[in-house]
Amino acid sequence: MSDHPRSTAGGTRTRVAPRPEVVRTAKDYKGEVKPVWCPGCGDFGVLSAVTKALAALQVKPYEVVIVSGIGCSSRMPYFMSTYGLHGVHGRAIPLASGLKLSRPDLTVFAMGGDGDLMSIGAGHLPHVAARNIDITCVMMDNQVYGLTKGQGSPTSPMGHLSKSTPYGMIAKPAKPVLLALTYGATFVARGYSAQPNELSELIVEAVQHKGFSFIQVQSPCTEFYNTYDQYDSLVTDLPEDWDRSDLRAAIDLALTEDKVHLGVFFEEERPVYEIEARKFEEEVQPFDLTSYLRRFA
Amino acid sequence: MQARSHKDSQVRNDFVIRIGGDTAIGGVISTGENFTTAAARLGFQVFTFRSYPAEIKGGHAWFQVRISNRPVLSTGDGVDILVAFDQEAYERHCGELREGSVIIYDSDLVQVDDGRFIRYGVPFQRIARQELNFARGTNVLVLGLMAGLFGLPLDCLQDLVRLRYKRRAELVEKNLEALAYGFDYTKKIRKEDKYYLGTSDHVSRLIMSGNDAIVAGALYAGCRFFAGYPITPASDILESMARELPRLGGICLQAEDEMAAIASCIGASYGGTKAMTATSGPGFSLMIELLGLASMTELPLVLVDAQRSGPSTGMPTKLEQADLFQALYGGHGDFPRIVLAPASVEDCLYRAVHAFNLAEKYQMPVIVLSDQSLSHRTQTIDMPNLSRLPVVNRLQPGDGASEEYARYALSDTGVSPVALPGVHVHTYVAPGLEHDERGHPNQSPQVHEAMTEKRFLKLSSAAADTDSPDWAPRYGHPKAQVGVIGWGASEGAIREAVERATAKGYKVAALHPRILNPLPQAQIREFAASVKRVLVPEVNYQGQFAHHLAASLGISPVRFNKIGGLPFTPAEILGKIEEVASHV
Ligand code: SF4
């Protein structure tokens, strides 16, 4: 192998191999390290959905990178057999962006929780969506800070009682799907960790989508904010014959508060940053210092 | 011209020109740049310095160039020729003029009352408006005046004007006219001063800024990913990368903030691409948490900090060498990083290559500390010979799909092979958490100790590579009594001061390390032991390098600190050398 792997031109990546030499199962994407999550944690469902999705796509584990931030959910890379980058709180998106921009041949995930993606790192979401970098962002939303033991988060409901909000949360909860839609994400979906099969289908679609995909996953925290009962009754499928090209309808639906819709809210095709940024791909020259310096003579 | 009748012995051909005026007039800086470029093209050596107002429109700006037919090491002392576009320019800078200095000024706008100066008053703006019917031509008119007075041939400037305005044909003729008018105007002036550029060696050199040189070195070293957020005085590195990288198959990202900038670089480096970011103090502060991630995950990374005056927003367009503590010690927890400090524009080019090589070889972040004066000054440099400067790439695992691969395997040098996604079948997680040799989270005391030692072992290995005279050149008297240890962009002023002190009979030498972490300890110890007193001049208040030397090597130097946003002059350092010498 060369020192500098050349990315495949145009940013196409390995997809479902037509006749794979080895058929990989979800188990092949699970790592040696056993998850450290609490029993019943929603993140188990997400792990299972991601590995199922990768098996459906039959991508090679060494061509996948899971980039994460900090928090319970951000431990994900350690529990997989793929490559991984366990970063800094809030920075999964820019870490993943740099990787994908420089190596469009890889399948890159940015994963994190609601603290990572809606609070400390919320400033990156508008930009990655606007640039339309082809990464799959999975936000595991438990509406609480689990790793630090239960403080309120930007997606906790108004009035939510926690150790950091002993008199009730005063702020209005962020609406991740609505934000992703308005920021210009080209694939926006919502899943539920208690429905890992459906979630894995969403992830397959998100990976196959060319451009930035955002999936909010309701992923309850059994330890500090157990919302399984609540979501079991709130979740519902998208309306029949849902037109995923209709941004206004998607925004309207994302504003809905009495139901939690699951599925692909919106998808559109738009130029992908790392492909647009390679418009000179055909005429790339090796760097020649002497000729470069002539401009300073 | 009267000047041609001057006897050669009286002619001064190493002099400092300063041009000042409100930026609203337009072209204050470009007048200086054009004069400088023309002189450099003729084979003269130049050294420029500029000072912008922090405001976008309006405010006083000035440009200074020292020109000589010998190598120019520093901005020089004082001002020989002042070009004042307005009264403020005269009032701000006249204090640095001396007996026999020249002042060229807009005679409608500037009142010059000091009879010690040789005065050439010309109504710049009135001529541009009324005679040339071209108000925006003031700067080119002044360029013509300067050329006529100080001996730059008209044709050389005409070429330059044609080049500058090649995309705006309608402006070429107007500017050529203004240039010729200024040049011819000097024939009516009785030249009373002694400044005149004689002959040069006609060797063609490069004229570039520190930022230009860093970009050239980085691209040569194989940098193919850059991410940055606009900040003075580092923004032009971002702009150059944005122009160059796409054509080299690389990517330049203007990030949404500095955390995103350095994070993207870490992501790119994880994928095997050589990556760099460039910023200044405030942005550097924001990057520190991620600097620790790069060091913890052992990923190569180059971070350029073009220091400016701080703290907080400070004085964004002025220089200071006050980010050294942050570069050396900034960040939570113990983690190694390499810190380089180029000493001149030429050095920027070489050290940028070294920065990448060290980052790749030792798999850690390398900080390049430049400063506002180095970023934006231009200097003539010889065409570099990089054929003997190898480019280093990180150690990677072999192709054999051995089951034994451990990303963070302990080794004699601390360096362990790094697998690349999509290339090597061995996968691993680059962990922000403390981890064992395979990269799995592990928080046992033994593992934390072993891994911290592994990471710092790489720094010791790097020290073995860099504790050499190449990295810490010594010059001056072999049996010196006073030894100056400087760092960064002050080198030229120190070198000139040492030369002048030596000429005056002082026994003085200097050592100028280009690497500040790890310190070239043997070089510094030997130097310090060979002199009676060590003097450390630096442009900061706390004496950050002196502190570092004291803490690391037990040396307690005489500290010489300057703040105020301007670089050292040779005379300031000479004065201090004389003072220290009188006490040894
Ligand atoms: S604290 Fe909550 S989010 Fe964290 S692992 Fe336990 S259940 Fe999951």
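The values are calculated or read from the model by the stated rules, or taken from the named source; none is laboratory data. If you're wondering where the values come from, they're calculated on a predicted model, not measured in any experiment. Cβ coordinates were reconstructed from backbone atoms using ideal geometry, including for glycine residues, and neighbour counts include every protein chain displayed. Quick note on the areas: whole protein, heavy atoms, side chains included, nothing else; ligands and nucleic acids left out. Shrake-Rupley method; radii C 1.70, N 1.55, O 1.52, S 1.80 Å.
A few comments on the model shown:
- Selected residue [under 28 Å from B:LEU299 (Cα atoms), at the interface with chain B (Cβ under 7 Å from one of its Cβ atoms) and touching a Ser or Thr at 6+ places or on another chain (Cβ under 9 Å)] from A:VAL65, A:VAL50: A:VAL65
- Hey, A:GLU274 more than 16 Å from the ligand (Cβ to nearest atom) and surrounded by 12 or more Cβ atoms within 10 Å (Cβ to Cβ) or not: yes
- All helices (runs of 4 or more DSSP H) inside the stretch A:223-297 with 2 or more residues being within 30 Å of B:ASP212 (Cβ to Cβ) and within 14 Å of another protein chain (Cβ to nearest Cβ): A:273-276, A:289-293
- Single match in B:HIS435, B:HIS448, B:HIS426, B:HIS440 (criterion: surrounded by fewer than 22 Cβ atoms within 10 Å (Cβ to Cβ) and touching a residue at least 24 places away in the same chain (Cβ under 8 Å)): B:HIS426
- B:PRO518 fulfils the conditions (1) open to solvent by 30 Å² or more (accessible area, probe 1.4 Å); (2) in contact with a Ser or Thr (Cβ under 8 Å, 6 or more places away or on another chain) except for a single criterion, (1).
- Filter result for B:LEU358 (touching a His at 6+ places or on another chain (Cβ under 8 Å) and part of a helix (DSSP H, G or I)): no
- For the stretch B:8-46, a residue qualifies if it is hydrophobic (A, V, I, L, M, F, W, C) and assigned to a helix (DSSP H, G or I), and the qualifying residues are B:ALA24, B:ILE25, B:VAL28, B:ILE29, B:PHE35, B:ALA38, B:ALA39, B:ALA40.
- Flag if B:LEU290 is in a helix (DSSP H, G or I), hydrophobic (A, V, I, L, M, F, W, C) and facing chain A (nearest Cβ under 8 Å): yes
- Qualifying residue in the stretch B:359-381 (condition: among the small types (Gly, Ala, Ser), surrounded by fewer than 23 Cβ atoms within 10 Å (Cβ to Cβ), modelled with pLDDT under 95 and not assigned by TED's automatic domain parsing to the domain that holds B:GLU434): no
- Those residues of the stretch B:284-321 which are open to solvent by less than 10 Å² (accessible area, probe 1.4 Å) and either of a type in the set (Asp, Glu) or under 14 Å from the mean Cα position of the chain (by Cα) (or both), in sequence order: B:GLU298, B:VAL304, B:ASP305, B:ALA306, B:GLN307, B:LEU319, B:GLN321
- Looking only at the stretch B:210-235, residues that are closer than 26 Å to B:ILE56 by Cα, open to solvent by 10 Å² or more (accessible area, probe 1.4 Å) and touching a residue at least 24 places away in the same chain (Cβ under 8 Å) come to 5 in all.
- Cross-chain or 6+ apart pairs with Cβ under 6 Å, the stretch A:29-54 first and in contact (Cβ under 8 Å) with a residue 40 or more places away in the chain, then in a helix (DSSP H, G or I) and within 14 Å of the ligand (Cβ to nearest atom): A:GLY31/A:PHE79; A:VAL33/A:TYR78; A:VAL33/A:PHE79; A:PRO35/A:PHE79; A:ASP43/A:SER73
- Subset of the stretch B:375-384 (residues that are under 17 Å from B:VAL353 (Cα atoms) and facing chain A (nearest Cβ under 10 Å)): B:ILE381, B:MET383, B:PRO384
- Out of B:ALA462, B:ALA419, one residue alone is away from every other protein chain (no Cβ under 14 Å) and either within 14 Å of A:TYR62 (Cβ to Cβ) or surrounded by 15 or more Cβ atoms within 10 Å (Cβ to Cβ) (or both). It is B:ALA462.
- Selection of first residues in the stretch A:71-93 that are within 16 Å of the ligand (Cβ to nearest atom) and of second residues that are of a type in the set (A, V, I, L, M) and open to solvent by less than 10 Å² (accessible area, probe 1.4 Å), restricted to Cβ pairs under 6 Å at least 6 apart or on distinct chains, gives the following pairs, ordered by first then second residue: A:SER73/A:MET140; A:MET76/A:ILE66; A:MET76/A:MET111; A:PRO77/A:ILE66; A:PHE79/A:LEU47.
- Any hit, the stretch B:387-406, residues being open to solvent by less than 10 Å² (accessible area, probe 1.4 Å) and outside any strand (DSSP E or B): no
- Residue in the stretch A:280-295 that is open to solvent by less than 70 Å² (accessible area, probe 1.4 Å) and either in contact (Cβ under 8 Å) with a residue 24 or more places away in the chain or within 24 Å of the chain's Cα centre (by Cα) (or both) present: yes
- Here B:ASP193 meets each of (1) away from chain A (no Cβ under 14 Å); (2) at pLDDT 95 or above with one exception, condition (2).
- Matching residues in the stretch B:87-108 - criterion: being out of contact with any Gly (no Cβ under 7 Å at 6 or more places or on another chain), part of a strand (DSSP E or B) and open to solvent by 50 Å² or more (accessible area, probe 1.4 Å): B:GLU99
- Residues of the stretch B:236-256 classified as closer than 16 Å to B:SER280 by Cβ, within 11 Å of chain A (Cβ to nearest Cβ) and open to solvent by 30 Å² or more (accessible area, probe 1.4 Å), total: 1
- Among the residues of the stretch A:68-98, the ones that are of a type in the set (Gly, Ala, Ser), within 10 Å of chain B (Cβ to nearest Cβ) and outside any loop (DSSP other than H, G, I, E, B) come to 7 in all.
- Screening the stretch A:27-40 for residues that are within 11 Å of A:PRO61 (Cα to Cα) and touching a helix residue (DSSP H, G or I) at 6+ places or on another chain (Cβ under 6 Å) and picking the one that is farthest from the ligand (Cβ to nearest atom) gives A:TYR29.
- Checking B:ALA61, B:ALA38, B:ALA84 one by one, the residue that is in contact with a Leu (Cβ under 9 Å, 6 or more places away or on another chain), more than 14 Å from every other protein chain (Cβ to nearest Cβ) and open to solvent by less than 20 Å² (accessible area, probe 1.4 Å) is B:ALA84 and no other.
- Residue that is nearest to B:GLU360 (Cα to Cα), among those in the stretch B:422-459 that are among the acidic types (Asp, Glu) and within 14 Å of chain A (Cβ to nearest Cβ): B:GLU437
Here is a yes/no grid of residues against (1) more than 25 Å from B:LEU176 (Cα to Cα); (2) open to solvent by 10 Å² or more (accessible area, probe 1.4 Å); (3) at pLDDT 90 or above:
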| residue | (1), (2), (3) |
| --- | --- |
| B:SER5 | yes, yes, no |
| B:ASP8 | yes, yes, no |
| B:ILE29 | no, yes, no |
| B:GLY32 | no, no, yes |
| B:ALA54 | yes, yes, no |
| B:LEU73 | yes, yes, yes |
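- Any hit, the stretch A:207-222, residues being assigned to a loop (DSSP other than H, G, I, E, B), within 16 Å of the ligand (Cβ to nearest atom), open to solvent by less than 10 Å² (accessible area, probe 1.4 Å) and out of contact with any His (no Cβ under 9 Å at 6 or more places or on another chain): yes
- Test for A:GLU32: is it within 9 Å of chain B (Cβ to nearest Cβ), surrounded by fewer than 19 Cβ atoms within 10 Å (Cβ to Cβ) and among the charged types (D, E, K, R): yes
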